[in-house]
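Visitor: Sending over a structure as structure tokens; questions will come in a sec.
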Amino acid sequence: MPGVTTTDAWDFSVELRSEPASAEVRTAVLANPAFGKTFTDHMVVANWTVERGWHDARVTAFAPLTVSPAAAVLHYSQEIFEGLKAYRHGDGSVWAFRPDRNAARFTASAARLALPQVPEDAFVSALRALVTVDEPWVPSSDSDETSLYLRPYMIATEAALSVRPAHEVLFGVIASPAGPYFDTGPKPVSIWLTTSTIRATPGGTGAAKCGGNYAASLAGLAEAVANNCEQVAFVDAVEHKWLEEIGSMNLFFVYADGRIVTPGLSGSILEGVTRASVVDLAADLGHKVEERRVSADEWKDGMRSGEITEVFASGTAAVITPIGRLAWPDGDLTIGDHSVDHGVGPVTKSVRSTLLDLQYGRIPDHRGWLTRLA
Ligand SMILES: *Cc1c(COP(=O)(O)O)cnc(C)c1O
């Protein structure tokens with residue numbers, strides 16, 4: 001039956017790279033890792049066909065893939081991915097943060113994109129298999145906010161231009177050492193509010209983590225850059241009124257009375273693992289958290305009146321990104337006191353440091369959110 005495999009299919013064979021990077025090269029990369037530019041010595045690959053299900057799960061040398069120019073993914077974007085990090089703790093052990101959530105989201109994304117299911121335990125086993133082999137690539141715990149970024153993905157490799165779910169698929173995981181997203185501590189970014197492009201529609205793929213959503217967001221991002229902003233925020237497709245997200249990060253608003261508000265999951269917003277964690281941690285920190293519709297006007301009015309005191313975005317790569325400016329075709333507003341903490345507000349700061357402390361094992365993990373990888 002398609003998609004159903006015994007766990008034997010996921011006994012990862014390990015083919016070590018014959019010429020791994022030298023310790024000097026690795027040390028140089030780890031001293032100053034750029035996000036998503038350098039990759040570790042190995043990768044995970046597994047293949048799936050309708051006839052055989054999943055097979056040949058392996059850890060092998062990081063290398064280009066060979067796919068047909070007719071591979072369905074190149075033409076019809078049948079593709080999904082995930083993003084999470086491996087954190088080294090003070091005792092040298094390496095942990096993932098809520099990988100079960102990424103595994104479940106991968107399963108949901110696969111269903112939406114008509115791709116086969118990777119069993120959730122196999123997903124976590126794949127991460128562990130790669131991190132075990134490439135453990136020296138996990139940055140040390142000395143410097144805050146360095147990690148090994150893990151990128152699981154699945155692509156339709158079948159050479160077939162007919163439009164239907166592919167009969168041949170590849171699952172893989174690659175890993176890239178990641179430094180702090182901000183070199184000199186978090187600094188507020190500027191957001192362009194676009195109404196000329198829409199990221200996702202009701203019934204569409206907005207809630208799935210798929211490359212097609214990113215392709216659809218790039219024109220909006222280019223528009224943001226052309227308007228002197230760093231990121232773009234999207235509104236809903238029906239009324240062009242309700243805030244959705246940034247396209248790779250979820251949005252949060254802090255009110256003067258301490259409330260924290262984030263757009264509710266509308267079906268076209270991607271449910272971030274960071275978002276879900278912030279909702280719980282902010283409540284722990286004593287904030288009332290509301291998940292509901294937030295209009296673009298509420299954002300603008302709140303910034304003007306001072307009722308909204310801080311705005312931030314959440315996502316695995318940058319953790320918590322403060323937002324300091326909102327611009328749109330006929331307006332431009334800034335928020336925050338830029339003479340204090342580079343303009344990072346106190347609530348943003350405390351949510352951010354609580355999350356990082358948890359991820360790096362510096363505070364107790366009461367909820368069991370951490371899973372050991374190595
Ligand atoms: C991955 C992603 C996020 C953030 O999710 P995290 O699990 O917190 O990293 C937000 N929006 C989109 C569109 C995404 O793809």
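Visitor: Are there any pairs, at least 6 apart or on different chains, whose C-beta atoms fall under 7 Å, with the first in the stretch 104-119 and without any contact (Cβ under 8 Å) to a residue 12 or more places away in the chain and within 16 Å of the ligand (Cβ to nearest atom) and the second part of a helix (DSSP H, G or I) and open to solvent by less than 30 Å² (accessible area, probe 1.4 Å), and if so, which?
Guide: Partner pairs satisfying both residue conditions: none exist.
Visitor: Out of the strands (runs of 3 or more DSSP E) lying entirely within the stretch 249-292, which hold 3 or more residues that are of a type in the set (D, E, K, R), within 11 Å of the ligand (Cβ to nearest atom) and within 21 Å of the chain's Cα centre (by Cα)?
Guide: In the stretch 249-292, no matching strands (runs of 3 or more DSSP E) lie anywhere.
Visitor: Turning to a different aspect of this structure: With the checklist (1) more than 27 Å from Pro116 (Cα to Cα); (2) within 16 Å of the ligand (Cβ to nearest atom) in hand, flag the one item Glu79 doesn't pass.
Guide: (1)
Visitor: Right, next: From the list Leu74, Leu130, Leu65, exactly one residue is more than 16 Å from the ligand (Cβ to nearest atom) and free of Cβ contacts under 8 Å to residues at least 40 places away in the same chain. Which is it?
Guide: Unique residue meeting the criteria: Leu74.
Visitor: Of (1) open to solvent by 50 Å² or more (accessible area, probe 1.4 Å); (2) touching a residue at least 12 places away in the same chain (Cβ under 8 Å); (3) among the polar types (S, T, N, Q), Ser305 satisfies all except one. Which?
Guide: With (1) open to solvent by 50 Å² or more (accessible area, probe 1.4 Å); (2) touching a residue at least 12 places away in the same chain (Cβ under 8 Å); (3) among the polar types (S, T, N, Q) applied to Ser305, the lone miss is (2).
Visitor: How many residues does the stretch 227-245 hold that are more than 12 Å from the ligand (Cβ to nearest atom) and either in contact with a Phe, Trp or Tyr (Cβ under 6 Å, 6 or more places away or on another chain) or of a type in the set (A, V, I, L, M) (or both)?
Guide: Selection size over the stretch 227-245: 7.
Visitor: Here is a further query. Please state which one of Ser176, Ser217 is more than 13 Å from Glu245 (Cα to Cα) and of a type outside the set (A, V, I, L, M).
Guide: Just one listed residue meets the conditions, Ser176.
Visitor: More than 30 Å from Val50 (Cβ to Cβ), among the hydroxyl-bearing types (Ser, Thr, Tyr) and modelled with pLDDT under 95: does that describe Thr194?
Guide: Answer is no for this residue.
The values are calculated or read from the model by the stated rules, or taken from the named source; none is laboratory data. Remember, it's a predicted structure, so these values are computed and weren't measured experimentally. Neighbour counts are summed over all protein chains in view; Cβ atoms, including those assigned to glycine, are modelled from backbone coordinates with ideal geometry. Surface areas here come from the heavy atoms of the whole protein model, side chains and all, with no ligands, DNA or RNA. Shrake-Rupley method; radii C 1.70, N 1.55, O 1.52, S 1.80 Å.
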